[in-house]
Every structure is written in C-alpha cells, then in structure tokens.
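The values are calculated or read from the model by the stated rules, or taken from the named source; none is laboratory data. Since this is a predicted model, take the numbers as computed values, not measurements. Using ideal geometry, Cβ is built from the backbone for each residue, glycine included, and neighbour counts are taken over all protein chains shown.
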Amino acid sequence: MKNIWICLLTLMVLVACRGKVKTDGAVTKPSVAEVPARPKVDWKKQSVDTILLTPADTAFVVRNKLVDDDMGDKQKSYLINVFFAPKNWPMLSFDKAVGAHLVWLGDLDGDGQPELLLRPEWFSSCWSTVNLFSLKHNSWKLVKTGSMYFCSDQYPLAKRVIKTGQGYALLTDSLTDDKFIVLKKEIKF
C-alpha cells in the first residue's frame, strides 16, 4: 500500500512539472546551422557506442549490428554516423567502419572550430587508417589521412598530432623492408 502512495505522489509531481515556462523576450527558433543532427537509430539493425570526448562533450557512434561470421562481406555498406552532444556539430559519416575511436583535438587551425581524429574499427588486423577531420562551414572536412598500427602503445591516437615549427604534423606508420617506421605528415588546413 505504501508503494502505491509513493507512485501516486510521484505521478502527481511529474504532472505538475509540465507547466509552461514564461520568458521575458520573444522566443525564436534556432537556425538550421544551430540545430544539432539528431541520431535516427533502428534498434533492430543498429547499435550505439558512446565516446567521451571531453568531460562535457560526448560522441555517439551509430553503427550496423554485425551478422554472425561477418568479416566485411555480409552487408552492402559498413557506414557509421557520429553525432555529438551537447555541441551543435553536424553529423560525421565514415564508410568502411564497424565502429570508431575518436579524439577531440581542440582548435588547431585557430578558426574557432574543432578538429577530430578518427580511427575506424574493422574486423581484424592492427592496421587502420588515421583520419584528421576539421569542421568547416558546418560540415566535416577530411584534412589528412594516413596509416596507423594501433596495437602498439608508442603513439596512441591521442598522440598522433604533434606541434612542429611550421604548425602541426600527423604521425603515420609504415612498414618498409620489414622495419616499422613512423612518418610525420605536415598538416595544411
């Protein structure tokens, strides 16, 4: 009986909190550029991974659920869509991925917009691409890409962009004559 009264009281409080909020000024709709992309998820076919970019910013990676014994040949497309909250950033789409690791780099080029590193996840192997994206004119632009051996702890994704005398460089990995080498690719925005 006690639980019924608690439920009834909770319901009454929730109903009472649905009131209108008064504002002093006119309420305006945000422009299309200010409205963040909202994830559309088909929970039967897709799943969502959550990545904490900063203590206050989160990325949501919407990806297709995998089929048993899938090694990259069971679906027509392996597209991921990345949504951001609470930032008003547009959706970032990336093909040939079953997930992603993201790192927020801040504003490297000084335009007031963020840059992100994305390493797509795939079915096997320690080799992947490392992709630098910059937010330009309300869309994500691929600025620089390279290869990455992510099973090594020498240069994790968060340490793949370094400051140089001319600006910034992306550290990429290569295998030449059975030797593992790290290359510095200059980033030009």
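In a residue-by-residue description of the range 166-174, the property of being touching an Asp or Glu at 6+ places or on another chain (Cβ under 7 Å) and loosely packed, with under 12 Cβ neighbours inside 10 Å applies to at least one position. Criterion first (over 16 Å from ILE51 (Cα atoms), touching a strand residue (DSSP E or B) at 6+ places or on another chain (Cβ under 7 Å) and not in a strand (DSSP E or B)) does LYS185 satisfy it? Criteria not met by LYS185. Of all the listed residues (SER77, SER93), the sole one being modelled with pLDDT of 90 or more and surrounded by fewer than 19 Cβ atoms within 10 Å (Cβ to Cβ) is SER93. Scanning the range 145-162 for residues that are surrounded by 13 or more Cβ atoms within 10 Å (Cβ to Cβ), without any contact (Cβ under 8 Å) to a residue 40 or more places away in the chain and not aromatic (Phe, Trp, Tyr) yields THR145, GLY146, SER147, MET148, PRO156. Could we say that LEU53 is under 12 Å from the mean Cα position of the chain (by Cα), surrounded by 15 or more Cβ atoms within 10 Å (Cβ to Cβ), at pLDDT 65 or above and under 26 Å from VAL130 (Cβ atoms) here? Yes; evaluated as a whole, the condition is true for this residue. Just to verify a result, which residue in the range 89-106, among those that are in a strand (DSSP E or B) and of a type in the set (Gly, Ala, Ser), is nearest to ILE162 (Cα to Cα)? If we take residues in the range 89-106 being in a strand (DSSP E or B) and of a type in the set (Gly, Ala, Ser), then GLY106 is nearest to ILE162 (Cα to Cα).
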